Amino acid sequence: MFIGEYNGTIDDKARISIPAKFRSSLKSKVVVTRGLDNSLVLYTLDEWKKLAEKLASLPISTANTRAFSRLMLAGAMDCDIDKQGRIVLPGYLKEYAKIGKKIIFAGMYSRVEIWSDELWTKYKTQTEKNSNQIAEQLGDLGV
C-alpha cells in the first residue's frame with residue numbers, strides 16, 4: 001500500500017530516487033506512464049498488468065476508450081530500479097508532467113503519482129479550497 005506525500009528531486013541524468021517508504025513494496029522494475037492532471041503514475045508490474053488488461057478489453061469502437069488507452073499504454077515505459085532506488089524518467093514523460101528540478105511523490109494506495117512540485121502545489125491548493133464540495137459529491141457515491 002502506497003500512502004503519503006514525499007519531496008524529491010530529479011538529477012541531470014533524469015534520475016529520480018523513489019522514497020524509501022515505497023521501495024519495500026517494489027521489485028527491480030516498475031512501469032511509469034502518463035497520468036491525469038499532468039501527473040505521472042508509477043505502477044508495480046502486477047498492478048500495471050491488471051490495468052493494462054482492463055484497458056485492452058475496452059471496446060476500440062468508442063473514441064474515448066481509444067484515447068484513454070493510448071494515453072496510458074503508449075505513454076508507458078518500464079523502468080529498472082537501480083541499487084540506489086532510482087529510475088530514469090524518459091524525456092517525453094518529464095515534458096508531459098512539466099517536471100523541473102523538484103518533484104512530489106503522492107502515494108495513492110495501489111500506485112504512486114509523480115508531480116512537478118509547482119503543479120502539485122497548485123492542484124493541492126485548489127482541491128483543499130473545494131474540499132467541502134468534493135466531500136458532498138463523494139457522499140452521493142457512498143464514500
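The values are calculated or read from the model by the stated rules, or taken from the named source; none is laboratory data. Not measured: the values here are computed from a predicted model. With ideal geometry, Cβ positions are generated from the backbone for all residues, glycine too; neighbour counts draw on all protein chains shown. These accessible areas exclude ligands, DNA and RNA; they are computed on the full protein's heavy atoms, side chains included. Shrake-Rupley method; radii C 1.70, N 1.55, O 1.52, S 1.80 Å.
Output the pairs from K54/K129; K29/K98; K29/K129; K13/K54; K21/K50 with a Cα-Cα distance over 30 Å in this structure; if there are none, say none. Intermediate values should be presented prior to the final figure.
Numbers: K54/K129 34 Å; K29/K98 24 Å; K29/K129 37 Å; K13/K54 34 Å; K21/K50 23 Å.
From the list (K54/K129; K29/K98; K29/K129; K13/K54; K21/K50), the Cα-Cα distance tops 30 Å for K54/K129; K29/K129; K13/K54.
Summarise the accessible area of the chain (1.4 Å probe, protein heavy atoms) by the percent that is carbon and sulfur. Let's see the in-between values first.
Numbers: 4780 of 8980 Å².
Result for the chain: 53 percent of the exposed heavy-atom area is carbon or sulfur.
Find the centroid of the Cα atoms in the stretch 3-27 and in the stretch 90-143, then give the distance between the two in whole Å.
Centre-to-centre (Cα) distance: 16 Å.
HN-Hα J couplings of the stretch 55-71 from phi, Karplus 6.51/-1.76/1.60, θ = phi - 60°, integer Hz, Gly and Pro as x?
5, 5, 8, 5, x, 7, 7, 9, 4, 5, 6, 5, 5, 5, 4, 5, 4
Which of the peptides 66-72, 28-34, 85-91 is most tightly packed, and how do the rest follow, going by the mean number of other Cβ atoms within 10 Å of each residue? Mind dumping the intermediate values first?
Details: 66-72: 14.9, 28-34: 18.7, 85-91: 16.7.
Listed from highest to lowest mean packing, they are 28-34, 85-91, 66-72.
Can you compute 3J(HN,Hα) from phi for each residue in the stretch 37-51, using the Karplus curve 6.51 cos²θ - 1.76 cosθ + 1.60 with θ = phi - 60°, rounded to whole Hz and x for Gly and Pro?
Ordered by residue, 3J(HN,Hα) equals 6, 6, 9, 10, 10, 9, 10, 5, 4, 5, 5, 4, 4, 4, 5 Hz.
How far, in nm, would the chain grow between K102 and N7 when pulled straight, counting 0.36 nm per residue and subtracting the alpha carbon separation?
Details: separation 95, 0.36 × 95 = 34.20 nm, distance 0.74 nm.
Additional length available on full extension: 33.5 nm.
With bins 10 Å wide starting at 0, give me the P(r) of the chain over every alpha carbon pair, in whole percents.
11, 38, 35, 15, 1
What is the chain's relative contact order, in percent, from Cα pairs under 8 angstrom and six or more apart in sequence?
35 percent
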